[in-house]
1. For region 13-125, just say rounded, prolate or oblate: build the C-alpha gyration tensor, square-root its eigenvalues into a ≥ b ≥ c, call rounded for a/c under 1.5, and beyond that prolate if a/b exceeds b/c, oblate if not.
2. Determine the gain in length on full extension of the stretch residue 41-residue 106; use 0.36 nm per residue of separation and subtract their C-alpha separation, reporting nm with one decimal.
3. Cut-off is 10 Å between beta-carbons; in what order do 73, 15 appear when sorted fewest neighbours first?
4. Fewest to most neighbouring Cβ within 10 Å: what's the order for 168, 258?
5. Counting only C-alpha contacts under 8 Å and six or more residues apart, can you give the relative contact order of region 108-275 as a whole percent?
6. How high is the FRET efficiency between residue 268 and residue 184 when r is their beta carbon distance and R₀ equals 30 Å, given to the nearest 0.05?
7. Cα axis of helix 256-269 to longest principal axis of the chain: angle in degrees, 0 to 90, nearest 10?
8. Subtracting the Cα-Cα distance from 0.36 nm times the residue separation, let me have the gained length for residue 129 to residue 85 in nm, one decimal.
Ligand code: KG4
Ligand code: ZN
C-alpha cells in the first residue's frame with residue numbers, strides 16, 4: 001500500500017537456451033510449472049501466511065504485451081486469486097512497468113522525465129508526465145536493442161540470450177577495434193536490423209578462427225555501436241524536450257556499457273540520470289507491483305473477464 005517492495009521473485013527459464021531463442025509453447029508450459037511455487041516463495045519472503053491472505057489489497061498481473069500463452073497463464077492465475085480472495089484485479093502494461101521500475105526506492109526521478117526503455121522486444125523513448133501518463137516519443141522501426149545484442153551474439157557463436165555475454169566479453173575488449181554501419185533514422189526513432197547485417201557481412205569476409213581470436217574486441221565493438229545509437233537518440237530527445245531527468249529501463253539497461261555511457265554523458269551535459277538497480281532492470285515482479293500501486297491509488301481496476309493481449313499500445 002505504501003509503494004515499498006517487500007519481495008521480488010522471478011523464475012528463469014533455461015529450457016530455451018538449446019533452441020537459440022524463446023520457444024512460446026515451452027515458455028507457457030514453464031510458466032504453468034513455476035507460477036504457484038514462485039507466488040508461494042514471494043508470499044513467504046514477504047512474511048504473509050497462506051492462512052491470512054486478507055492483508056493483500058489487490059492482485060496485479062501483466063496484461064500486455066508478450067507471448068500470449070504465457071500471458072494467459074498469469075492472467076488466469078491472477079483472476080482466480082482475485083476471485084477467491086475477493087480483491088480487485090489490476091492489469092499492467094509490461095512496458096509501462098519497465099519505466100515505473102525507476103520509481104522504486106528512496107531516490108525516484110521527479111516528473112517529467114525521459115526514459116529510454118530497452119528490452120528484448122522494445123526500444124522506446126518515453127516521456128513520463130506522471131506515473132500513469134506516459135507518452136512514447138520514439139521507438140524502433142525494426143529490431144529492438146535487446147534483439148540486436150542477441151542476434152549479433154548468435155553470429156558470434158554465443159548462446160541465447162547473448163546480451164549479458166556480449167557485455168561480459170566486452171569488458172576486456174577494445175570498443176574501437178571494429179566499426180559497423182550506423183543507421184540514419186529520422187526523429188527519435190531507432191533501427192537495429194542494419195547493424196546485424198553489417199556484422200554478418202563483416203564476419204563473412206574473415207578467415208576461419210577470426211571470431212575465437214577476436215571475440216572480446218568484437219563484443220566490445222558491437223556493444224559500442226548499439227550504445228552509441230541509443231545515447232545519440234536520448235541526447236536528441238533532451239534537445240527537443242528540454243527535459244534533463246533521464247532514466248533507463250528494460251533488460252538492456254543492465255548493460256554495463258550503456259550504464260556508464262549514460263552516466264558519463266549525463267555528467268557532461270548536466271543531466272540527472274537514474275539507473276535502476278540490476279534486479280529491477282530485467283523482467284521482474286517488483287516493476288509490476290509498483291505500477292499496480294499507482295493504478296490502485298487511482299482505482300484503475302479491471303473486470304474478472306478481462307483478457308491479456310499479445311500486442312497492445314498504451
Ligand atoms: O526486459 P527483458 O528482461 O525482457 C523483455 O521484456 O524482453 O529484456 C531481455 C533482453 C534480452 O535481449 C537480453 O539479451 C538483454 O535484455 N540483456 C542485456 C543484458 N542483460 C539483459 N543486453 C545487454 N547487456 C546486458 N547486460
Ligand atoms: Zn521486459
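1. Working: a/c = 1.84, a/b = 1.08, b/c = 1.71.
Because a/c hits 1.5 or more and a/b fails to exceed b/c, region 13-125 counts as oblate.
2. Working: separation 65, 0.36 × 65 = 23.40 nm, distance 2.51 nm.
This chain segment gains 20.9 nm when fully extended.
3. On the way: 73 22, 15 14.
Going from least to most buried by this count: 15, 73.
4. Details: 168 13, 258 22.
Going from least to most buried by this count: 168, 258.
5. Working: 311 pairs, mean separation 48.0, N = 168.
RCO, region 108-275: 29 percent.
6. On the way: r = 24 Å, r/R0 = 0.80.
Efficiency, rounded to the nearest 0.05: 0.80.
7. So the inclination is approximately 80 degrees.
8. Details: separation 44, 0.36 × 44 = 15.84 nm, distance 3.39 nm.
Value of the extension gain: 12.5 nm.
Coordinate-derived values only; no laboratory data. Keep in mind the model is a prediction, meaning the values are calculated, not measured. No Cβ is skipped: glycine too gets one built from the backbone with ideal geometry, and neighbour counts run over all protein chains shown.
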